[in-house]
1. Quote the FRET efficiency, to the nearest 0.05, computed for ASP144 versus ASP8 with a Förster distance R0 of 45 Å and r equal to the Cβ-Cβ distance.
2. For the stretch 76-124 and the stretch 13-55, write down the distance between their C-alpha centroids in whole Å.
3. May I ask you to derive the relative contact order of the chain, considering only C-alpha pairs under 8 Å and at least 6 residues apart, and to give it as an integer percent?
4. Are there DSSP H segments in the chain that both extend 27 Å or more along their axis (alpha-carbon positions) and score a mean Kyte-Doolittle hydropathy of at least 0.0? List them, or say none.
5. Calculate the spin-label point distance for ASP183 paired with ARG25, positioning each point 7 Å from the Cα along the beta-carbon direction, and give it in nanometres.
6. Hey, with R₀ at 25 Å, roughly what FRET efficiency would ARG56 and ALA174 work out to, going by the Cβ-Cβ distance, to 0.05?
7. Let me know the shape class of the stretch 102-192, please: from the alpha-carbon gyration tensor, a ≥ b ≥ c as square roots of the eigenvalues, rounded when a/c is under 1.5, otherwise prolate if a/b is greater than b/c, or oblate.
8. If I model a spin label as a point 7 Å beyond the Cα along the Cα-Cβ vector, how far apart are those points for LEU124 and ASP107 in nm?
Amino acid sequence: MEGRLNSDQALKKLMDGNKRYISSRSTHPNQTRERRIELKNGQNPFAVILGCSDSRVPPEVIFDQGLGDLFVVRVAGNITGGNVLASIEYAVTHLDISLVVVLGHSDCGAIKSCASNAHFEGNLHDLVSKLEPALEKARKMPGDLINNAAKINAKMVAEILSSSVPSGRVDTEALKVVAAYYDLDNGNVEFL
Ligand SMILES: [Zn+2]
């Protein structure tokens with residue numbers, strides 16, 4: 001297994017993988033039987049991805065990574081909350097990961113639901129309402145409301161994570177939290 005990557009190395013590895021993916025040159029690394037066996041006694045992922053549950057945005061595919069590479073938390077609208085935060089804290093403190101990426105995407109159904117002002121109840125209402133602050137900011141901007149809100153939401157969640165992960169870990173040396181945006185049209189991940 002490779003040693004721990006720092007946040008810049010981890011970011012580059014993700015960007016390189018995304019470049020391969022968008023140019024149809026994915027190498028599908030670390031997806032062999034050997035890799036599975038290598039990981040039997042433990043994992044050493046190099047990045048945390050907090051992404052949307054949307055089936056069109058699977059992190060291992062769009063970053064061209066494999067088994068044991070990414071610690072992935074997925075929830076509609078890539079929002080945060082108790083269990084999400086706990087999962088990320090675990091990854092940062094126990095798996096010693098130095099990069100957290102909050103990955104929003106274009107045409108996000110969760111954000112569209114929030115923007116539609118449709119009536120939701122219970123858990124769905126709780127989830128959708130968490131996207132309202134980003135939409136509120138996006139309404140003051142020119143351009144596509146939904147996609148702007150997705151970018152703003154990713155940045156807001158990244159800010160929350162920056163201040164919520166265990167103190168002392170968020171600095172340029174140890175841990176970087178970055179927001180990113182995936183474009184469904186061309187597969188490109190833009191780091192915001
Ligand atoms: Zn989504």
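Bear in mind that the values in this text are calculations on the coordinates, not laboratory data. Given the structure is predicted, the values throughout are model-derived calculations rather than measurements. A quick note on method: Cβ atoms are made from the backbone with ideal geometry, for glycine too, and the neighbour counts reach across all protein chains shown.
1. 0.90
2. The stretch 76-124 and the stretch 13-55 have Cα centres spaced 20 Å from each other.
3. Working: 332 pairs, mean separation 46.7, N = 192.
For the chain, the relative contact order is 24 percent.
4. Span-like helices in the chain: 145-164.
5. 1.9 nm
6. Here the calculated transfer efficiency is 0.15.
7. Oblate, since a/c reaches 1.5 and b/c is not below a/b.
8. 2.1 nm
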